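Visitor: Let me give you the structure first, and then I'll get to my questions.
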Amino acid sequence: MATSVLSKDAPAPSPLMSQAVVYNGMVYCSGSLGIDPATGKFATGSVADRTAQALKNPDAVLKAVGSGLHKTVKVNIFLSSINHYSSVNDAYAKFFTQEVKPCRTCVVVAELPLDAEVEIEATGFI
């Protein structure tokens with residue numbers, strides 16, 4: 001049976017989704033924007049700063065069920081512009097320092113919710 005995950009250390013999900021769902025030992029996180037859960041607003045600073053926040057959010061959700069980014073097996077990144085690719089990679093590299101990196105997809109899309117520059121979706125295991 002699937003179970004929903006809710007962490008107070010990540011932005012609250014909309015009524016249309018869960019922050020994550022656990023099924024069969026896997027944790028499937030919804031997409032995360034660079035929103036600071038303390039303020040409900042985008043993290044200030046650069047695209048790299050908002051990327052870091054977009055990674056902290058699923059890390060908090062994963063940790064709520066005994067996982068974390070270090071147990072991530074797949075990451076999907078959505079960018080509003082290819083010009084953000086380098087900044088996103090710089091921030092991303094600071095979070096994934098383990099020898100076995102997660103599989104990753106990065107695509108540029110026409111637009112993201114709330115005019116975000118980056119959205120990150122992660123799948124991990126418990």
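Visitor: Determine whether segment 52-74 contains at least one residue that is under 25 Å from Ala12 (Cβ atoms) and among the hydroxyl-bearing types (Ser, Thr, Tyr).
Guide: Checked against the condition, which is being under 25 Å from Ala12 (Cβ atoms) and among the hydroxyl-bearing types (Ser, Thr, Tyr), segment 52-74 yields at least one hit.
Visitor: Right, another one. Tell me yes or no: at least one residue of segment 70-91 is in a helix (DSSP H, G or I) and touching a Gly at 6+ places or on another chain (Cβ under 7 Å). Full working, then the answer.
Guide: As a first pass, look at segment 70-91 and keep what is in a helix (DSSP H, G or I): 70-71, 82-91.
Narrowing further to those that are touching a Gly at 6+ places or on another chain (Cβ under 7 Å): 71.
Yes, segment 70-91 has at least one match.
Visitor: Taking the residues in segment 18-46 that are farther than 17 Å from Lys8 by Cβ and of a type in the set (Ser, Thr, Tyr) as candidates, determine which candidate is surrounded by the most Cβ atoms within 10 Å (Cβ to Cβ).
Guide: Tyr28
Visitor: Let me ask something additional. What pairs can you find where one residue is in segment 96-114 and on the phi < 0 side of the Ramachandran plot and in a loop (DSSP other than H, G, I, E, B), the other is surrounded by 11 or more Cβ atoms within 10 Å (Cβ to Cβ) and of a type in the set (Lys, Arg), and their Cβ atoms are less than 7 Å apart, with a gap of 6+ or different chains?
Guide: What qualifies is Pro102/Lys74.
Visitor: Whether any residue in segment 56-79 is over 15 Å from Gly124 (Cα atoms), modelled with pLDDT of 95 or more, buried (at least 16 other Cβ atoms within 10 Å of the Cβ) and of a type in the set (Gly, Ala, Ser) is what I want to check.
Guide: No.
Visitor: Continuing with the same structure: Go through the residues of segment 11-27 one by one and say whether even a single one is under 23 Å from Ala110 (Cα atoms), touching a strand residue (DSSP E or B) at 6+ places or on another chain (Cβ under 6 Å) and of a type outside the set (Lys, Arg).
Guide: Within segment 11-27 (the criterion being under 23 Å from Ala110 (Cα atoms), touching a strand residue (DSSP E or B) at 6+ places or on another chain (Cβ under 6 Å) and of a type outside the set (Lys, Arg)), the answer is no, since none of the residues qualifies.
The values are calculated or read from the model by the stated rules, or taken from the named source; none is laboratory data. Note that the coordinates shown come from a computational prediction; the quantities given were computed from them, not determined experimentally. Note that each Cβ is placed from the backbone with ideal geometry, even for glycine, and that neighbours are counted across all protein chains shown.
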